[in-house]
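The values are calculated or read from the model by the stated rules, or taken from the named source; none is laboratory data. Not measured: the values here are computed from a predicted model. Cβ sites come from the backbone with ideal geometry, for glycine too, and all protein chains shown count toward neighbours. With ligands, DNA and RNA removed, areas are computed over all heavy atoms of the protein, side chains included. Shrake-Rupley method; radii C 1.70, N 1.55, O 1.52, S 1.80 Å.
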Amino acid sequence: MKTQVGIIGGGPSGLLLSQLLYVNGIDSVVLEKHSKQHVLSRIRAGLLEQGTTQMLDEAGVAAGLSKNGLEHEGVDLVFEGRSCRVDFFGLTGKKMTIYGQTEVTRDLYEAREKSAGCVLHEVSDISLSALDTEKPEIGFYHHDQAKSLQCDFVVGCDGYHGVSRMAMPEAIKREYQSSFPFGWLGVLSETPPVSPELVYAYHQRGFALCSMRSTTRSRYYIQVPLDEQIDDWSDDRFWEELKKRLPPGLARELITGPSIEKSIAPLRSFVCEPMRWKSLFLAGDAAHIVPTTGAKGLNLAVSDVRYLSRALSKYYQSRDSRGLDNYSRQALARVWKSSRFSWSLTQLLHQPYDRDSAFSSRIRRAEFEYLLTSEVARLSFAENYVGLPY
Ligand code: APR
Ligand code: PHB
């Protein structure tokens, strides 16, 4: 098999890159280890920056988003019962859109299938070779047959647990990580959202987030210790704990119902530098992980794909490789700024559980007071929340 760009991973990063390359007349093959049904069964965040919705429009996959996406202009931060609304649209002129990652992935699959894109599922035993040449190869098995894909470039869109980052020589790789000693217990329910805008609540018992997927489907999270077991959390226990962490007025409005999905996820930061080695490029979770708090995971994957798809288009149009040579530096600059925001927001909104010194709890309160009393502080929050310029 031959193609111009070999893409490992059929999640949002891989599918969006393949679709954007197609729109620019560049051939690619996507190799995904799971079935399409498995990929579409994943429940992930669903808060899209304006830049992300523009990229989905550029890829020709914004119809569902335009029809069903919920545009938001502000967000509520609640701290020890006091509420601070950040009017990010008024402050930045940008909106955020609620539209589930599952729906984004489904829209991308439909577009790839409509344009007869080559997305191979249930591939296994992927091996990368000749990455330090201009003709790298991807070996893999598909339907029990050994295959080989010759390409000009290989892009690892295979997430944190993928193989592409492992193919980078240890001597050139630098990995940075920081994990929080707690996670999020998330529930999806067919109930109307408790508030028209998202509510991030800090409470002595722990953080709580009120989000949504539509006007009839809600997404709620509560902070839990890392060793919590999902089986110990009945729906009733979850709803009671969530109410304890919300302002009384909001708790009274909460409409509960059976969970249609319930899971616990850790909160951690990870960045791999560089994001390129010779003919191998990394994009999305393959290169970086951010705490879900800032909802930046998908949006950072999209910004990587934006930089890389433009660089590849320039290369194939005019053999100008400056974008490719600059990709890692450009992508990492935005990754680190988004990581900073997500990390600091997690620090602000979560109860440390362990010995949170009286000093650090006062610092947390002072940070909230600053947001409450300073438009400059809210502008700084807003420009990070809506997504920094590319
Ligand atoms: N071979 C082929 N495919 C693989 C391999 C492999 N060895 N390892 C992983 N994959 C596939 C996974 O099955 C998955 O479908 O790569 C895909 C990676 O997708 P994601 O993990 O969703 O990562 P990405 O596409 O970068 O999207 C980032 O997803 O996890 C969320 O919070 C994250 O919202 C962010 C988004
Ligand atoms: C979500 O709806 O999953 C969500 C929303 C906002 C966040 C994190 C997650 O900051």
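Quick notes on this structure:
- Rounded percent of accessible protein surface that carbon and sulfur make up, the chain, 1.4 Å probe: 50 percent
- Rough spin-label spacing in nm, given labels placed 7 Å along Cα→Cβ, for Glu261 and Ala171: 4.4 nm
- FRET efficiency estimate (nearest 0.05) - Cβ-Cβ, Met1 to Arg319, R0 30 angstrom: 0.80
- Compared with the direct C-alpha span, the chain from Lys243 to Ala366 gains 41.8 nm at full extension, assuming 0.36 nm per residue.
- Farthest positive-ward along the stretch 85-213 dipole, Cα basis, beta-carbon charges - from Gln177, Ala208, Tyr160: Ala208
- Projected area, mean over directions - the stretch 1-92, Cα convex hull, nm²: 8.9 nm²
- Normalised Debye scattering of the stretch 295-385 at q = 0.12, 0.13, 0.18, 0.23 Å⁻¹ gives log10 I(q)/I(0) of -0.56, -0.61, -0.86, -1.10, counting only Cα atoms as equal scatterers and leaving out solvent.
- Peptides 228-235, 360-367 ranked from most to least packed, by the mean per-residue count of other Cβ atoms within 10 Å: 360-367, 228-235.
- Gyration tensor analysis over the Cα atoms of the chain returns equivalent ellipsoid semi-axes of 37, 22, 20 Å (largest first, whole Å).
- Globularity ratio of the stretch 219-324, using Cα Rg and 2.2 N^0.38 Å: 1.61
- The stretch 49-132, Cα convex hull volume normalised per residue, Å³: 219 Å³
- Here the dipole of the chain is about 680 debye; that uses its Cα centre as origin and unit charges on the Cβ of Lys and Arg (positive) and Asp and Glu (negative).
- The slack between Leu379 and Glu253, meaning 0.36 nm per residue of separation minus the straight C-alpha distance, is 42.4 nm.
- The ellipsoid equivalent to the alpha-carbon distribution of the stretch 163-251 has semi-axes of 33, 16, 13 angstrom, derived from the gyration tensor eigenvalues as √(5λ) and listed largest first.
- Semi-axis lengths, Å, the stretch 319-368, gyration tensor of Cα atoms, sqrt of 5 times eigenvalues: 39, 9, 7
- A 1.4 Å probe run over the protein chains yields, for the stretch 219-300, 39 Å² of accessible area per residue, whole-number rounding.
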